[in-house]
Ligand SMILES: NC(=O)c1ccc[n+]([C@@H]2O[C@H](COP(=O)([O-])OP(=O)(O)OC[C@H]3O[C@@H](n4cnc5c(N)ncnc54)[C@H](OP(=O)(O)O)[C@@H]3O)[C@@H](O)[C@H]2O)c1
């Protein structure tokens, strides 16, 4: 399969994914998740408590497991972390599957929170076939760039949006050697990219949600851009991003300018 605006071959798994992925964290309702499936969404991210998503996935993966790419993980906590193997086994049971496509160590803030013993345990999960790919979600982008270049991990999840574009320098240039799968989140920057920052002229337009997802999808390094709609109307609007294709040059310039305004207006770093 050749990668396109709408679909990607996820890293080395060899599965074709729709590049707009769904997280059900905002509890849009099971009907909305089934609707996303009907519309061709086949990449999902879930935690153990995303009961709507888990229930729908458990239903649809039976007999069709290879049609879906499921990402989940275990969280690095302020003090320690949950038992990684127990978390993985529980997620397998919850989802009614014998493997997870992308198993991530989540919430890593800095390099020292990811010691070798944790990396080794994740590698074992992959050797055992319980995780097809392993990776981290990490806010230290330079560390992620080094890990991508080194090649042991084969999936990464990261913040990337019009206001937070640091991955363009720190991560994306380091993907070509090993081609890991890339999942992005915060396309709307917690909704801030959908409203006027104080420093933005009143007469100027502001982005639509679809433009925020198209901004991310216009970057070919991203395999899956997550969305977390709160309801069916948001899902339907977000899906138009797939049909509308890459942003025009003008809209790209606009999104970067607006992203800079949102970034500059922030009160504290998130
Ligand atoms: N790896 C990590 O460390 C990490 C960190 C954060 C998140 N995540 C995961 O990533 C998932 C995706 O989160 P995200 O922030 O990337 O999702 P997102 O789609 O960028 O943002 C979701 C929010 O955007 C608003 N929205 C979405 N579509 C809209 C539309 N059509 N019109 C107006 N507003 C719209 C909604 O706000 P309203 O609800 O206000 O309407 C919704 O709550 C999360 O659910 C979580 O599972 C992972």
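What follows draws every value from the coordinates through simple rules; no lab data is involved. In this text, all values refer to a predicted model and were calculated from it rather than measured experimentally. So basically every Cβ, Gly included, is an ideal-geometry build from the backbone, and we count neighbours across all protein chains shown.
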Mean-square fluctuation maximum in Gaussian network of the chain, Cα pairs under 10 Å, restricted to 116, 149, 260, hits 116
How high is the relative contact order of the stretch 7-265, given as a whole-number percent (alpha carbon pairs under 8 Å, six or more residues apart)?
21
On average over all directions, what projected area in square nanometres does the stretch 169-221 have, based on the convex hull of its Cα atoms?
4.7
Run the numbers on the stretch 88-149 and let me know its relative contact order in percent, using alpha-carbon pairs under 8 Å that are six or more apart.
42
Between helix 51-61 and the chain, what is the angle of the helix's C-alpha long axis to the longest principal axis, kept within 0 to 90° and rounded to the nearest 10?
70
Going from the fewest other Cβ atoms within 10 Å to the most, one would list 176, 218 as 176, 218
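Can you sort 34, 114, 213 so the residue with the fewest Cβ neighbours within 10 Å comes first?
If I rank by nearby Cβ atoms, fewest first, I get 34, 114, 213.
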To the nearest 10 degrees, how steep is helix 249-265 against the longest Cα principal axis of the chain, on a 0 to 90 scale?
80
Choice from 155, 43, 167 with maximal GNM fluctuation in the chain (Cα, 10 Å cutoff)
167
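Can you give the helix-only mean residue ellipticity at 222 nm for the chain, where every DSSP H stretch with n ≥ 4 adds -39500 (n - 2.57) and the sum goes over all residues, rounded to the nearest 500 deg cm²/dmol? Please list the in-between numbers first.
Numbers: 9 runs with 97 residues, N = 270.
Dividing the helical sum by the residues of the chain leaves -11000 deg cm²/dmol.
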Between 0 and 90 degrees, rounded to the nearest ten: what's the tilt of helix 232-244 against the longest Cα principal axis of the chain?
80
Working from the alpha-carbon coordinates of the stretch 7-265, get Rg over Rh, Rh being the Kirkwood radius.
0.96
Among 58, 165, what is the fewest-to-most ranking by other Cβ atoms within 10 Å?
58, 165
